[in-house]
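Single-structure report; data block below.
The values are calculated or read from the model by the stated rules, or taken from the named source; none is laboratory data. Just so it is clear, the model here is predicted, and its values are computed rather than measured. Don't worry about glycine lacking a Cβ; one is built from the backbone with ideal geometry, like all the others, and counts go over all protein chains shown. SASA here: full protein model, heavy atoms, side chains in, ligands and nucleic acids out. Shrake-Rupley method; radii C 1.70, N 1.55, O 1.52, S 1.80 Å.
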Amino acid sequence: MTRSPYELTTPEDVLARLHPRLRTYFGAVPSGHVGRGEGVFAVVGTPRRWVWPLLAVFARDAVMFPVWERDVPFTVENRPARVGRGAADGREASVAVRAHRTFRFRSGSRTMVDAIAAGPHGLVDHLGRRGRVSALLRAEVDADGPDAGALRLVSTRVTVRALGRDRSLPAVVAPRVTLVERFDDDADVQRVSLRLSAPLVGTLYRYEGSFRYRVEPDANGPDTGPGRTPRRGRR
């Protein structure tokens, strides 16, 4: 992969405002390499236990988990990938980065899986192992102010794959995802905050914390597992 999904879908003037240390994180992961990070989430989940049965459904596909914990150690691995619905519907696989975030909860480790891809209409986050739920994202980077240099991703459409078709949820019921990644120069760490909210309900799920990140050779090879398309030829 010579360019990342972010670089393929976000205007250059927006990317130019990114903090220099974030350009590595959102840039392309070279073939044969993996991006690895380690840190601690200050909070994960939601204290609203009535939401937990719904989160348990999403946990089966490694999207979200029915928890509310503080000071959760975690690791993240980002690998270059190709994602798509397959040749059956005539779509080509898209350039993507597949992330595995492993949370070490008190009850045991759980891994969240998603793939950020360069879709035909912009940046798309395919959630879970199967990618049945996806969110079209708008990328924003402030030039000044408290979040200057940070990347903010806001969902503009949520789609569910059912019976072989993609169906967009109406705006009145669609959840909203807001993700902010910024670099803290004083602490020399990257800080991340994700919030999932719903109309009339408010916050359903969130996590926020900090980590350090590096790119290194990948002993596990290319990402060609379930829901992925193996690479062929040049990338």
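Quick notes
- Each of the peptides 169-180, 15-26 was scored by the mean count of other Cβ atoms within 10 Å over its residues; in descending order, highest first, they stand as 15-26, 169-180.
- Working note: Karplus 6.51/-1.76/1.60 with θ = phi - 60° gives region 203-213 the couplings 5, 9, 6, 7, 8, 7, x, 9, 7, 10, 10 Hz, where Gly and Pro are set to x.
- Nearest-0.05 FRET efficiency for V154 and A187, computed from C-beta distance (R0 35 Å): 0.85
- Three-way shape label, region 42-166, alpha-carbon gyration tensor, a/c 1.5: oblate
- Peptides 212-219, 58-65 ranked from most to least packed give 58-65, 212-219, packing being the mean of other C-beta atoms within 10 angstrom over each peptide's residues.
- Each residue of region 182-190 is assigned a 3J(HN,Hα), and the resulting list reads 9, 10, 9, 5, 5, 8, 6, 9, 8 Hz, derived from the Karplus form 6.51 cos²θ - 1.76 cosθ + 1.60 (θ = phi - 60°), x at Gly and Pro.
- Taking amide H positions as modeled 1.01 Å from N, with prolines and chain starts lacking one, the residues under 5 Å from R157 and 5 or more places away or on another chain are L136.
- In a fully extended conformation the segment linking R212 and R138 would gain 24.1 nm over its present Cα-Cα distance, using 0.36 nm per residue.
- For the chain, the 222 nm mean residue ellipticity estimated from helices alone, with every DSSP H stretch of n ≥ 4 adding -39500 (n - 2.57) and the total spread over all residues, rounds to -2500 deg cm²/dmol.
- Computed on region 1-62, with alpha-carbon pairs under 8 angstrom and 6+ residues apart, the relative contact order is 34 percent.
- Burial order of peptide ranges 34-45, 93-104 (average beta-carbon count within 10 Å, highest first): 93-104, 34-45
- Overall form of region 106-188 per C-alpha gyration tensor (a/c, 1.5; a/b vs b/c): oblate
- Here the contact order of the chain, divided by its residue count and restricted to Cα pairs under 8 Å and six or more residues apart, works out to 23 percent.
- Under 5 Å, built H, 5+ apart or other chain: amide partners of G119: V124
- Heavy-atom surface of the chain, accessible at 1.4 Å and reported per residue (Å²): 52
- Phi-based couplings in Hz for region 50-62 (Karplus 6.51, -1.76, 1.60; Gly and Pro marked x): 5, 8, 4, x, 5, 5, 5, 5, 5, 5, 4, 10, 6
- Cut-off under 5 Å, modelled amide H: who pairs with L204 long-range: L196, S197, A198
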